[in-house]
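Here the structure is laid out as structure tokens; the discussion comes afterwards.
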Amino acid sequence: MRETLMADALTIRDLSLSFGGIVALDQVNLSLEAGSIGGLIGPNGAGKTSLLNCICRFYHPQQGTIRLGDLDVSRRAPHQLALHGLARTFQHTELFRAMTVLDNVLVGAHTRGRPSVVGDALRLPAARRAAAAQLTQARAMLDRFDLTALAETRASALPLGLQKRVGLARALASGPSLILLDEPAAGLNPSEKRQMAGLLKRLQVEFDLTLLLIDHDMDLVMSLCDQVTVLDFGRRIAFGPPHAIQRDPRVVAAYLGAQYASALVPEVQ
Amino acid sequence: MNDLVQVVLSGLVTGGIYALLAAGLTLIFQVSGVVNFAQGALAAVGAYTCWSLENQHGVALAPALAVTAAGLFLLGCLLQAVILRRLGGDLASSVIVTLGLLIVLEGGIGIVFGYSPPTTPLSLPLPDGQFNLGDWSLSLQELVLAALPIILLGALFLGLRYTRVGTAVRAVSQSARGARLVGIPVDRVRLAAWGVGAILAGAAGILIPSASTAPISPGMVEPYLLSAFTGAVLGGLDSLPGAAAGGWGLGILQNLVSYYTPTQVTSWGVGKDAVIFALLLAVLMARPTGIFGTAVQRRV
Amino acid sequence: MNPSPNSLALARLGVWRPAAVAAAVAALACLPLISTTSFAVGFLDPAGTYAILALGLNLLIGGTGQFSLGHAGFFAIGAFTAGILSSNDAWPFWLAIPAAGVIAGLFGVALGLPTLRLIGPYFSMATLGFGLLVAEILGTASWAGGRTGITVNYPQAGSYTFDELSFFWVILGAAIITYFLVWNLRHGATGRAFVALRESDFAARACGVHLAGYRVLAFVISAVLAGIAGALFANWNGFLDASNSVTSSTFGLPASVAFVAMVVVGGLDSTFGSILGAVFISAVQYWLQDRPELAETLYGACIVAVLLWARGGLAGLPALTRAAWGNLPGRVHAGDAHG
């Protein structure tokens, strides 16, 4: 009963985005149930990252609404979304390379600390207490991700797999309820991918998260996701559980071309 | 009316200097992605070199100009090869490095020539007298000074348009990667761009003493910098004709503003520069990256 | 394990051990007692004054990564505000200086807002324009002394009149307070937010960092500190003349470049580096005051050298030498194991 009363974690209605004359997103609809893991797939250029960027409010769609739970965030500034439980990882990690791992995670927790410029500058007791609490929480987060030994290491010095982990720790540091993951497994070898998948599943359960992930690794997507949305040329062409998507001729056509659709999915003529 | 035409003509003279500086800035930016904050210093180097050749070494004007141009070309190439190239694509460092070069060059001039302006001016053999056309009587000197940058920049545009080197430059400014793929030696094009950019700066530097009747000094170009950068920005930093047009436009605008501003307002300190700066800010705000769709605009 | 940011390394060296700090401050405070007036005017007062400016500027350049080439403008605004308030309206220096900071700060807001979204060289050009404009206005306007300049009387507190030597104590006190505030800012959430915006403004915003707010904040803080520095300058220099100001090395483009040099040569994003840089440039300007062209060439060359070979600047030298030492053949460096 609780599920039916609660609004979806993420609701996107009729989202359209164009740059100049190019249509990046065309009337896209997407819903994500709280506590579920959603996948977003499609050929290159389909608009997947653009969709995430719209949710984060880096891009401003010409049309459509975006809701986080009950809240309409279609007009919010990007930095306000962290306060409403949204966090994100990036395709190219976008870590703060000159900063240490610990500092990266501390920035992730920026909205939790109620930062006060004056308090910082004057080292007021309240500010110092808040900073100490933040530090403890950040170290706990590092510990959760097995990053304690690297706390003082500069992010730029880390190999990709560890960077991705730091990005994830940073995203979790704000205590979000919804995390957008842009290609979390890109660039990882098969063993690292399995670790990442396991980690994401555990995190989702442990922190009661909703996840929306983009990835090109079909095994990863199909094994992790409860629901998958498929985009092609900015339009949603399919939506449903992984096994249905794998058989959908439109999806196959989008990736491989129409001539393969019937060949690979013979039972659906 | 004659007054107004004279004001516009003077505006063209100053505008020509802005256009030369702006064009040099734009060329260098287009090809190597660096805003050369040392452009003014290069102009001063040009002025001093020419002056020195003429007044200290007794060289005639024409060979002095030729040697100055060659020297500036080499200097531009040197700066690009030795310093800028080592910084790779790091834009932040490029900004600071050109600043460093600005003061090294100015200091260098000071070391060789001293900071006080020399007593003999850098003079060009400009005609005296007036040019009379109907009701108008215009200064011949200004007419020539206004015409020279037009000729120089015209030659530059024609060169870019119709020579192979020019086409290579245009290719690199649009896409370095694409240019490399078709076999254009991008590094050499960058050297050339800096060399030519330095020459354009030097041309401006040589004209300034005649235009402003001020003696040469290491900081002689600084009063022109605000407008030079604004001119380049008006051209979006990626259009040479735009930069040149911007430069001339600003020169005329500036003179008109000066002409029509009551002295009371000027004594408050507000005047042509305020207008130009407001324009600069407005253009920068309207197009913050200055250019559409280049590497400057990062996507995540 | 790899080297951590310079400030952390310096902190490990115990820079903040109270006894050491107190001793250093006491030593500095003795300087006016053993110096000549010309040494004070030539080196001590400028070094302290520019240290305050550099601390603020480094928050902007080193922290948020926005390269302002126009801070001489804020310096001039502060100087002339204090000068006018002191000479025309007889404000005491301890009111005029904060007032100058506030006025400079307001201009910082006025310039910071429109330049908010500008990237790299575009931001630099806008600030360059601002600096040139301010210099031009202050050089010609009649209320700024026009061609004759403004004379500022010796600052007084009650019945005590400061001279160039004793005023150094005021400067020193201001510098220490500034260092304390700036260091705290830089090493707290605010400083992290600044650097985050520099490193990746997308990720920073996704983490909840308010781009506009923090960028303008950094800009305003640097403007206020530059204004205060200018006001201090007005008091110990005693004379303000901005004519020929565009080319002047106090208020014009060369000054803005010198300020950037202080930050870069001292060490970008290093609080202690700002002090080192200000002292270094001031020292160069003092000892080569008879040959300013050599001074300029020298610190211009230092800028280029730092960018090519020693990114951390003066503050980064310890780490640099450690790294160089560790790369001698035969020594196994701990970092090698990571590949």
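A few remarks follow.
- Anisotropy class of the range A:37-115 from Cα gyration tensor, a/c 1.5 cut: oblate
- Only the Cβ atoms of Lys and Arg (+1) and of Asp and Glu (-1) were treated as charged; on that basis the dipole of chain C about its Cα centre amounts to roughly 980 debye.
- Within the same chain, lysines fewer than 8 places from A:LYS193 are excluded, and of the rest, those with a Cα less than 27 Å from its Cα are A:LYS48, A:LYS164, A:LYS201.
- Those aspartates and glutamates that a straight Cα-Cα span of less than 12 Å connects to B:LYS272, excepting residues fewer than 8 apart in one chain: C:GLU136
- Of the GluC sites (Glu not before Pro) found in the range A:151-212, those in coil by DSSP whose Cβ has at most 16 other Cβ atoms within 10 Å are A:GLU152.
- Kirkwood Rh (inverse of mean 1/r, distinct Cα pairs), the protein assembly as shown, angstrom: 30.1
- Residues in the range B:45-61 reached by a label modelled at B:THR120 [backbone nitrogen below 18 Å; 7 Å Cα→Cβ]: B:46-61
- Gap separating the Cα centres of the range C:266-326 and the range A:1-70, nearest whole Å: 50
- Selection from C:LEU44, C:VAL284, C:CYS302, by position along the positive dipole direction of the range C:35-324 (Cβ): C:CYS302
- C-alpha center-to-center spacing [the range A:184-240, the range B:54-92] in angstrom: 57
- Inter-chain Cβ neighbour count for B:278-285, averaged per residue, equals 5 (cutoff 10 Å, partner chain atoms only).
- Between the listed residues B:SER123, B:VAL165, B:LEU74, the Cα displaced farthest toward the positive end of the dipole of the range B:2-222, a dipole computed from Cβ unit charges relative to the Cα centre, is found at B:VAL165.
- In a fully extended conformation the segment linking A:ALA126 and A:SER191 would gain 18.8 nm over its present Cα-Cα distance, using 0.36 nm per residue.
- Chain C: angle of helix C:167-186 to the longest principal axis, Cα-based, in degrees nearest 10: 40
- Listed residues C:GLY208, C:PRO114, C:ASN235: farthest to the positive end of the dipole of the range C:100-243 (Cβ charges): C:GLY208
- The range B:135-221: translational diffusion in µm²/s, Stokes-Einstein, Kirkwood Rh over Cα pairs, 37 °C, 0.692 mPa s: 214
- In terms of other Cβ atoms within 10 Å, A:MET218, B:MET1, C:MET125 run from fewest to most in the order B:MET1, A:MET218, C:MET125.
- Dipole magnitude for the protein assembly as shown: about 2020 debye, using +1 per Lys or Arg Cβ and -1 per Asp or Glu Cβ, origin at the Cα centre.
- Span-like helix ranges in chain B, DSSP H, alpha carbon extent 20 angstrom or more, Kyte mean at least 0.5: B:2-32, B:61-78, B:91-113, B:140-162, B:186-212, B:240-260, B:272-286
- Spacing of the two label points (7 Å from each Cα toward its C-beta) at A:ILE22 and C:LEU308, in nm: 4.0
- The packing ranking, built from the mean of other Cβ atoms within 10 Å per residue, places the peptides A:45-51, B:134-140, B:223-229, A:72-78 in the order B:223-229, A:45-51, A:72-78, B:134-140, highest first.
- In chain C, the longest principal axis of the Cα atoms and the axis of helix C:317-326 are about 20 degrees apart.
- Helix C:292-309 axis, angle to chain C major axis (alpha carbon atoms, nearest 10°): 30
- Sites A:ALA258 and B:ASP90, calculated FRET efficiency, Cβ-Cβ separation with R0 51 Å, nearest 0.05: 0.65
- Counting only other chain Cβ atoms within 10 Å of each residue's Cβ, the peptide C:215-224 averages 0.
- Cα centroid separation, the range B:196-222 to the range A:86-135 (Å): 50
- Entry note, chain A: the mean residue ellipticity at 222 nm calculated from DSSP H runs of n ≥ 4, each adding -39500 (n - 2.57), is -11000 deg cm²/dmol after division by the residues and rounding to the nearest 500.
- Global dimensions of the range B:2-222 from alpha-carbon coordinates: Rg and Dmax equal 18.4, 59 Å.
Quick note: the coordinates plus some simple rules give every number you see, no bench work behind them. What you are looking at is a predicted structure, and each value in this text was computed from that prediction instead of being measured. Counting neighbours? That spans all protein chains shown, and the Cβs are built from the backbone with ideal geometry, glycine included.
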